[in-house]
Amino acid sequence: MFLMALAAVLSLSLQESQTPLNIGSNRQVFVDHHLIESLDNVRLELGRPVDAGTVFTFDKPWEGPFSGYSTIIQDADRFLLYYRGLPRAGGDGTDRETTCVAISDDGVNFTRPDLGLHEVDGSFNNNVVLAGVAPVTHNFSPFLDTRPNVPEGQRFKGLGGNEHSGLLAFASPDGIHWSPMQDEPVLTEGMFDSQNVAFWSQAEGKYLCYLRTWTGEGYAGFRSVSRATSDDFINWSAPEEMTFGPGEMEHIYTNQTHPYCRAPDVYVAVAARFMPDRQVLTSDEAQALGVDGKYFGDCSDAVLMTSRGGTTYDRTFREGFLRPGIGLQHWVSRSNYPALNIVQTSPTELSLYVNQHYAQPSAQLRRYTMRVDGLASVRADASGGSLLTKPLLFEGDTLELNFSTSAAGGMQVELLDAAGSVLPGFGIDDCVELIGNEVDRAVTWRGEGDVSALAGSLVRVRFVMRDADLYSFRFTNRSHVAASPPG
């Protein structure tokens, strides 16, 4: 009986491993090994965000050194920056904490709207959107609800609260005027002592919340993440602990999980990795910078995690995604915390925003840029190599690549059947070599790019490359594409 049961399990595992991936016309990004059957002299390489400078300084009296838990939301032609305003340190969930908003039309230049909604320090001249609802304003985390047919009055939703209040749900028609959805909390199982993020998942057809829990009882063990789901944003499942794959457990302070804007079936988490008691500054150095005395005993950076649903984070890359900058001001406790959401700020550019100089008079938000889909890539050195995908089902008539090569490098693609045999007319010798640096280049074979005859059939894609990076690919409908002459 045991052998029969074992055989059944092995058979099921084999079937699952051979189940084709139906990618449709969705963009495929190389942030994990999800699509990869084999790598030959190529490797997955973590992207390196480029510092693009300060975009916002928390220098108003209602903001200050302890402003944080930022969120960036792209709503049509505007970018909304939400953040906690907090000029003085104190216990979490005090009446001094407010939720503020700044607005930009390009994701670079942010201004404070003078809203006149809430009185702070005797004045209504401020950009505060929530006040007097502690502890919600300690860690309020909003999102733009992309669920089909969402009521106009609930286009924006958000959660905030602590372990005493639970997470309370708010809604807004415009991201400015907020009201509670009900008096009672919608989630109560968790410690919530961080930014608890939620969104509508197009891939899973439900709301997801990634919330702060600890691996031990109360505030014991490691700061970690659990996940809950909901069909209506009011009634939630019991949170389940996330797992992080092989490797030592680390403190994840903010998880910032969200659907990647160009491939929403992939959830990206640019998470703050907290290193308690890993002190860089001396007392004298902290004093010279004006750092609050309680906030220089630790340091932090950011790591890249991904998920494709369920309770598993993939940590293909264990190293830091965003290292602290040059200068001791970047090495204080709770600095380098990424804002929620990576957004696209030009046809070729992604922007990631990061809270820096925490607990200092110079507290600010900085922007970092990457090429689109540049979170990671498949990289080949000058000696060359190849990548083979698992069996795929696709829709469309054209294969597009986001790639870059050196002047001496190049890339070619061949299509194979599920057994690994090259499909006639789609071999390496048929493929017109791709040279350059483009985000949506069509692949062609002997001058033609039409792959529609293969749509709906099992194929494997083999990328042969040298001195090149492959960031993403997708099958799409372009009608017939002819090759451009090289050079």
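The values are calculated or read from the model by the stated rules, or taken from the named source; none is laboratory data. Not measured: the values here are computed from a predicted model. When we count neighbours, we look across all protein chains shown, and the Cβ atoms used for this are built from the backbone with ideal geometry, even at glycine.
The number of residues in region 112-138 being under 30 Å from the mean Cα position of the chain (by Cα), β-branched (V, I, T) and closer than 24 Å to V55 by Cβ comes to 3. If I ask for residues that are touching a Phe, Trp or Tyr at 6+ places or on another chain (Cβ under 9 Å) and under 12 Å from T345 (Cα atoms), which ones from region 64-74 would you list? Of everything in region 64-74, those that are touching a Phe, Trp or Tyr at 6+ places or on another chain (Cβ under 9 Å) and under 12 Å from T345 (Cα atoms) turn out to be I72, I73. Could you look through region 203-220, keep only residues that are of a type in the set (A, V, I, L, M, F, W, C) and either assigned to a strand (DSSP E or B) or modelled with pLDDT under 95 (or both), and pick out the one that is surrounded by the most Cβ atoms within 10 Å (Cβ to Cβ)? My answer is L211. The set of residues in region 57-85 that are among the basic types (K, R) and in contact with a strand residue (DSSP E or B) (Cβ under 7 Å, 6 or more places away or on another chain) comprises R78, R84.
What do you reckon, is P113 surrounded by 17 or more Cβ atoms within 10 Å (Cβ to Cβ) and out of contact with any helix residue (DSSP H, G or I) (no Cβ under 8 Å at 6 or more places or on another chain)? Before you say what the answer is, go through the steps one by one.
Numbers: surrounded by 17 or more Cβ atoms within 10 Å (Cβ to Cβ): no; out of contact with any helix residue (DSSP H, G or I) (no Cβ under 8 Å at 6 or more places or on another chain): yes.
Against the criterion (surrounded by 17 or more Cβ atoms within 10 Å (Cβ to Cβ) and out of contact with any helix residue (DSSP H, G or I) (no Cβ under 8 Å at 6 or more places or on another chain)), P113 does not qualify.
So in region 221-257, with the set limited to residues that are outside any loop (DSSP other than H, G, I, E, B) and among the hydrophobic types (A, V, I, L, M, F, W, C), which one is surrounded by the fewest Cβ atoms within 10 Å (Cβ to Cβ)?
A228
Taken together, the residues in region 418-434 that are touching a residue at least 40 places away in the same chain (Cβ under 8 Å) and surrounded by fewer than 19 Cβ atoms within 10 Å (Cβ to Cβ) amount to 3. Here A269 meets the list (1) farther than 19 Å from F143 by Cα; (2) surrounded by 14 or more Cβ atoms within 10 Å (Cβ to Cβ) almost entirely, failing just condition (1). When the strands (runs of 3 or more DSSP E) confined to region 104-177 are screened for residues that are within 29 Å of S226 (Cβ to Cβ), in the same structural domain as N341 (by TED's automatic domain parsing) and of a type outside the set (D, E, K, R), those reaching at least 3 such residues are found at 141-144, 156-160, 168-172. Among residues of region 297-320 that are exposed (fewer than 15 other Cβ atoms within 10 Å of the Cβ), those with a Cβ under 6 angstrom from a residue that is among the basic types (K, R), sequence gap 6+ or separate chain, pair up as T311/R227.
Screening L167 against (1) in contact with a Gly (Cβ under 6 Å, 6 or more places away or on another chain); (2) closer than 19 Å to Y313 by Cβ; (3) free of Cβ contacts under 8 Å to residues at least 60 places away in the same chain leaves a single unmet condition, (2). Residues that are under 14 Å from R446 (Cβ atoms) and assigned to a loop (DSSP other than H, G, I, E, B) within region 389-435 comprise L423, P424, G425, F426, G427, V432, E433, listed in sequence order. Taken over region 368-388, the residue count meeting the criterion of being in a loop (DSSP other than H, G, I, E, B) and closer than 13 Å to S472 by Cβ is 4. Quick check, is K157 surrounded by 21 or more Cβ atoms within 10 Å (Cβ to Cβ), among the charged types (D, E, K, R) and at pLDDT 95 or above? Taking the combined requirement at face value, the residue satisfies it.
Conditions (1) outside the structural domain of N126 (by TED's automatic domain parsing); (2) at pLDDT 95 or above; (3) over 25 Å from the mean Cα position of the chain (by Cα); (4) buried (at least 17 other Cβ atoms within 10 Å of the Cβ), marked per residue:
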| residue | (1), (2), (3), (4) |
| --- | --- |
| L12 | yes, no, yes, no |
| D40 | yes, yes, yes, no |
| W62 | no, yes, yes, yes |
| S70 | no, yes, no, yes |
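For F473, are the conditions met, namely being under 25 Å from the mean Cα position of the chain (by Cα), part of a strand (DSSP E or B) and in contact (Cβ under 8 Å) with a residue 60 or more places away in the chain? So F473 fits the description; yes. Considering every residue within region 193-201, establish whether at least one is within 20 Å of the chain's Cα centre (by Cα), farther than 18 Å from N341 by Cβ and not acidic (D, E). No.
When V443, V432, V461 are checked against the criterion of being closer than 28 Å to R371 by Cα and touching a Pro at 6+ places or on another chain (Cβ under 9 Å), a single residue qualifies: V432.
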